[in-house]
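Novice: Below: one structure in C-alpha cells.
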Amino acid sequence: NMVSYKWNKDSDLQNYTYDKIDWVVHIDEFDWYVVGSVYAEELNLSSVLLGNRILLITVLVVIFSCLVIITLMGKLLSPIRDLSVVAGRVQKGDLSAQCEVTSRDEIGTLGKAFNSMVQKLKAHIEDLDQKVAERTVELDDANKELEGWVEKLGQYNEEISLLNYLGEKLQA
C-alpha cells in the first residue's frame with residue numbers, strides 16, 4: 001500500500017533526487033486506485049512541528065501542574081505552620097498563645113487539643129503559683145514565730161547566765 005521513490009520538485013524539474021511517499025488504495029466497487037502522495041521532507045517537517053507542539057503542551061501542562069501542586073501544598077501546610085508558630089510562642093513562655101486553626105480535619109483536632117493542653121498547663125501553673133504563695137506566707141509566719149522563740153531563748157540564756165553569776169557570787 002505504500003510506495004517510496006525519488007521524484008522532482010516544481011522548483012527543480014529535471015532533478016529526481018527528492019524522496020516521495022505514495023499510499024495507494026484500490027476501491028474494488030469502482031475499480032479505482034486512490035493515491036495520496038507527499039514528499040518525505042514535508043512529512044518529516046509536519047511530524048517535527050507536531051512533536052514540537054506536543055512538547056510545548058507537555059511543558060505547559062507540567063508547569064501548570066507544578067503551580068497547582070505548590071498552591072495546594074501551601075494551603076495544606078499553612079495550618080501546620082500556624083500551629084508550629086504558636087507552639088514556639090508557648091515554648092518561650094507565652095501561655096496566652098492560642099492556635100487559630102479551626103478546620104474540621106485532623107489538623108483542626110490537633111489545634112483544639114493543643115489549645116486545651118496550653119489552657120490546662122496555664123491553670124496548673126497558676127495553681128502552683130498560688131500554693132507557693134500560701135507556703136511562703138506560712139513559712140514567713142513560722143519564721144516570725146521562730147524569731148520570737150530565738151529571742152525568748154536569748155533572754156532565758158541571759159537570765160541563766162545572770163543566775164549562774166549570782167550563784168557564784170553567793171558561794172563566794
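Novice: What pairs come out if I take residues in the stretch 121-139 that are of a type outside the set (S, T, N, Q) and pair them with residues that are open to solvent by less than 80 Å² (accessible area, probe 1.4 Å) whose C-beta lies under 6 Å away, six or more apart or interchain?
Specialist: Short answer, once both residue conditions are applied: 122/95.
Novice: Right, something else. So which residues in the stretch 110-141 are within 18 Å of residue 93 (Cα to Cα) and basic (Lys, Arg)?
Specialist: Selection gives 120, 122.
Novice: Among the residues of the stretch 93-110 satisfying the criterion of being in a loop (DSSP other than H, G, I, E, B) and within 16 Å of the chain's Cα centre (by Cα), which is surrounded by the most Cβ atoms within 10 Å (Cβ to Cβ)?
Specialist: The qualifying residue surrounded by the most Cβ atoms within 10 Å (Cβ to Cβ) is 99.
Novice: Of the residues 84, 46, 116, which single one is within 30 Å of residue 21 (Cα to Cα), part of a helix (DSSP H, G or I) and either small (Gly, Ala, Ser) or in contact with an Asp or Glu (Cβ under 7 Å, 6 or more places away or on another chain) (or both)?
Specialist: That would be 46, the only listed residue that is within 30 Å of residue 21 (Cα to Cα), part of a helix (DSSP H, G or I) and either small (Gly, Ala, Ser) or in contact with an Asp or Glu (Cβ under 7 Å, 6 or more places away or on another chain) (or both).
Matching residues to (1) of a type in the set (Ser, Thr, Tyr); (2) more than 30 Å from residue 107 (Cα to Cα); (3) at pLDDT 90 or above:
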position	(1), (2), (3)
12	no, yes, no
20	no, yes, yes
23	no, yes, yes
26	no, yes, yes
29	no, yes, yes
53	no, yes, yes
82	no, no, no
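Novice: Can you list residue pairs whose Cβ atoms sit under 7 Å apart, with the first residue in the stretch 76-92 being over 14 Å from residue 122 (Cβ atoms) and the second being outside any helix (DSSP H, G or I)? Count only pairs 6 or more apart in sequence or on different chains.
Specialist: 79/101; 79/103; 82/99; 82/100; 82/101; 83/99; 83/101
Novice: Let me ask another. Yes or no: the stretch 9-26 includes at least one residue that is surrounded by 11 or more Cβ atoms within 10 Å (Cβ to Cβ), hydroxyl-bearing (Ser, Thr, Tyr) and part of a strand (DSSP E or B).
Specialist: yes
Novice: Something else: Out of contact with any Leu (no Cβ under 7 Å at 6 or more places or on another chain) and of a type outside the set (Val, Ile, Thr): does that describe residue 122?
Specialist: no
The values are calculated or read from the model by the stated rules, or taken from the named source; none is laboratory data. Please read all numbers here as calculations on a predicted model, not as lab measurements. Neighbour counts are summed over all protein chains in view; Cβ atoms, including those assigned to glycine, are modelled from backbone coordinates with ideal geometry. The area values use the complete protein model at the heavy-atom level, side chains included, leaving out ligands, DNA and RNA. Shrake-Rupley method; radii C 1.70, N 1.55, O 1.52, S 1.80 Å.
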